[in-house]
Each structure stands twice: as C-alpha cells, then as structure tokens.
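K.L.:
So that we are looking at the same thing, I have put the structure below in structure tokens.
The values are calculated or read from the model by the stated rules, or taken from the named source; none is laboratory data. Keep in mind it's a predicted model, so treat the numbers as computed, not measured. Don't worry about glycine lacking a Cβ; one is built from the backbone with ideal geometry, like all the others, and counts go over all protein chains shown. Note: accessible area is taken over every heavy atom of the protein model, side chains too, but ligands, DNA and RNA are not part of it. Shrake-Rupley method; radii C 1.70, N 1.55, O 1.52, S 1.80 Å.
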Amino acid sequence: MIAIGCDHAGYDLKSDIIGHLSQKGYQIIDIGCNGEPTDYPAIAEMVAREVTGGTCEKGILICGTGIGMSIAANKIKGIRAALCSEEYSAKYTRLHNDANILCMGARTIGSGLAIEIVDIFLNTEFEGGRHQRRVDLITDMEKSII
Ligand code: RB5
C-alpha cells in the first residue's frame, strides 16, 4: 500500500501519479488534498503516520517545491523523506538511505519526469550492508533528540 498526499500546488501532479499507479495495480491511500488551499505540514504528517504505523510501506508527498513536505515529514520518527527532482537521486536514496517517503515539487518538475521518479523509487530495494549502519545512526539520532 502506498500513501500519497499533496497541498493545493501539488494536486494536479498527485492526480497524474494516482492515475499511473492505479493503472499499474498499486493499492493507494489518498490523504488529500483535493485542490483546496491546504497547509502542507498537516498532509505530510498524515502520510508519514501511514508509513510509520505500518499501513503503507512507502509514501509520496507533493507540494510546490517538495521542500516544505520533506521538512515536515522528516520531523516524524522513523521517516526518511527524500526530495527528488531527477532519477539518480530517486535510485540512490532507496539504495543507500532506505528512504520511505518520496517528495517532489509540482512547480519544479513535469509530470512525465515525476512518474519516472516514482517508478524508480518504488522499484528499487535498499542495499543494506554498510548503508544499514548509516541508517541506524540516523535512527539513533532520533532517540537522542531533545
Ligand atoms: C504553496 O504556495 C507552497 O508554499 C508549497 O506548496 C510548498 O512549495 C512549500 O514548500
């Protein structure tokens, strides 16, 4: 299951991605919004909690730049949200960071590229090994945040 959410700036791109993923047979939870003016942190938190709660294995968040969504989602323990605007980052944030949320900017990339980024993100497995140690260090940091 994939959780997806956007603010008003990301609505059209979110619709394109939902269409693409539905056609591919993915099960999707659409957290909103539906195009109305929306504060992105609330959506980021809801998608993040679908992932940390185990209902969804990954999440996708879209706002104008993808930056606000990524800042907000990374406040939730267990979330590794990666802002990607090209394919290489989407591949390596899965291989090396085990990113569990993909963030994109609807005002910075087009729908065709975004869909390719989504496919790479969802179909690339974490490499583990030395990268697991580094991800564990990030998890350790979360435990000591005051
Ligand atoms: C909304 O205008 C815009 O600020 C938002 O979509 C996002 O880009 C924030 O990071």
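K.L.:
Restricting to the range 68-114, count the residues that are in contact with an Asp or Glu (Cβ under 9 Å, 6 or more places away or on another chain) and within 15 Å of the ligand (Cβ to nearest atom).
P.N.:
Of the residues in that region, 8 qualify.
K.L.:
A follow-up question, please. Looking only at the range 90-110, count every residue that is assigned to a helix (DSSP H, G or I) and either open to solvent by 40 Å² or more (accessible area, probe 1.4 Å) or in contact with a Leu (Cβ under 6 Å, 6 or more places away or on another chain) (or both) and tell me the total.
P.N.:
2
K.L.:
Taking into account only those residues within the range 52-74 that are touching a residue at least 12 places away in the same chain (Cβ under 8 Å) and part of a loop (DSSP other than H, G, I, E, B), which is surrounded by the most Cβ atoms within 10 Å (Cβ to Cβ)?
P.N.:
Here the residue is GLY66.
K.L.:
Write out, first by first residue and then by second, each pair whose Cβ atoms fall under 7 Å of each other, whose residues are 6+ apart or on separate chains, and whose first residue, in the range 75-95, is under 16 Å from ALA106 (Cα atoms) and without any contact (Cβ under 8 Å) to a residue 60 or more places away in the chain while the second is polar (S, T, N, Q) and open to solvent by 70 Å² or more (accessible area, probe 1.4 Å).
P.N.:
From residues that are under 16 Å from ALA106 (Cα atoms) and without any contact (Cβ under 8 Å) to a residue 60 or more places away in the chain, the pairs are ALA82/ASN97; SER85/THR108.
K.L.:
Of everything in the range 120-131, what is in a helix (DSSP H, G or I) and free of Cβ contacts under 8 Å to residues at least 24 places away in the same chain? Give them in sequence order.
P.N.:
Answer for the range 120-131, where residues must be in a helix (DSSP H, G or I) and free of Cβ contacts under 8 Å to residues at least 24 places away in the same chain: ASN123, ARG130.
K.L.:
Being buried (at least 16 other Cβ atoms within 10 Å of the Cβ), more than 16 Å from the ligand (Cβ to nearest atom), assigned to a helix (DSSP H, G or I) and in contact (Cβ under 8 Å) with a residue 60 or more places away in the chain narrows it down to one of LEU21, LEU13, so name that one.
P.N.:
One residue alone meets the criteria, LEU21.
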